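Notes for the one structure printed next.
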Amino acid sequence: MRVVMEFEQAQGHQVYDVHEKNLGYDITSLDVNSGELRLIEAAATGTILLTPNEHRVAEDRRDCYWLYVVTNCADQPTLQEPIKDPARFPWHEVTKVAHYWLQVNAMTQPMQVREDEAPYGEDG
């Protein structure tokens, strides 16, 4: 986020870190000369994950939602070309297990084994 904020500030924009406000993006950037507003999601190299809220805002605010990707974060962070309207790409939904359930009587009743009786003693 630091690299992204420094880049936007170098452009003369008013920049605000809003990532803790759960707005669906990390940074607000305003070009006071043109009035251009950028709602920026900052990401690092690798698989980019959006929360459901971030994805919804990206869809709703396609006119001003941007994705900034920073690579080589450990050594020399490099900002890649900013991406306007990242919602246009084929994002894949990630689903997860919400919970597991178990019947209480599965723990309190003994296991039952049922077998058909063998026809002992019958002439065959």
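The values are calculated or read from the model by the stated rules, or taken from the named source; none is laboratory data. It should be emphasised that the depicted structure is a prediction, and the values quoted were computed from it without experimental measurement. Note that each Cβ is placed from the backbone with ideal geometry, even for glycine, and that neighbours are counted across all protein chains shown.
Here is how the numbers come out for the structure above:
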{"quantity": "Of all residues in region 1-23 being among the β-branched types (Val, Ile, Thr) and under 19 Å from residue 79 (Cα atoms), the one that is surrounded by the fewest Cβ atoms within 10 Å (Cβ to Cβ)", "calculated": "3"}
{"quantity": "Residues that are in contact with a Phe, Trp or Tyr (Cβ under 6 Å, 6 or more places away or on another chain) and β-branched (Val, Ile, Thr), drawn from region 58-96", "calculated": "none"}
{"quantity": "Cross-chain or 6+ apart pairs with Cβ under 9 Å, region 87-114 first and modelled with pLDDT of 80 or more and β-branched (Val, Ile, Thr), then surrounded by 10 or more Cβ atoms within 10 Å (Cβ to Cβ) and assigned to a loop (DSSP other than H, G, I, E, B)", "calculated": "94/49"}
{"quantity": "Qualifying residue in region 75-96 (condition: under 20 Å from residue 31 (Cα atoms), surrounded by 13 or more Cβ atoms within 10 Å (Cβ to Cβ) and among the small types (Gly, Ala, Ser))", "calculated": "no"}
{"quantity": "Some residue of region 6-18 being within 14 Å of residue 69 (Cα to Cα), over 15 Å from the mean Cα position of the chain (by Cα) and among the charged types (D, E, K, R)", "calculated": "yes"}
{"quantity": "Which listed residue is touching a residue at least 24 places away in the same chain (Cβ under 8 Å), of a type outside the set (Phe, Trp, Tyr) and not in a helix (DSSP H, G or I), from 15, 57, 3, 69", "calculated": "69"}
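Here is a yes/no grid of residues against (1) outside any loop (DSSP other than H, G, I, E, B); (2) over 14 Å from the mean Cα position of the chain (by Cα); (3) at pLDDT below 95:
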residue: 23; (1), (2), (3): no, no, no
residue: 34; (1), (2), (3): no, yes, no
residue: 43; (1), (2), (3): yes, no, yes
residue: 48; (1), (2), (3): no, no, yes
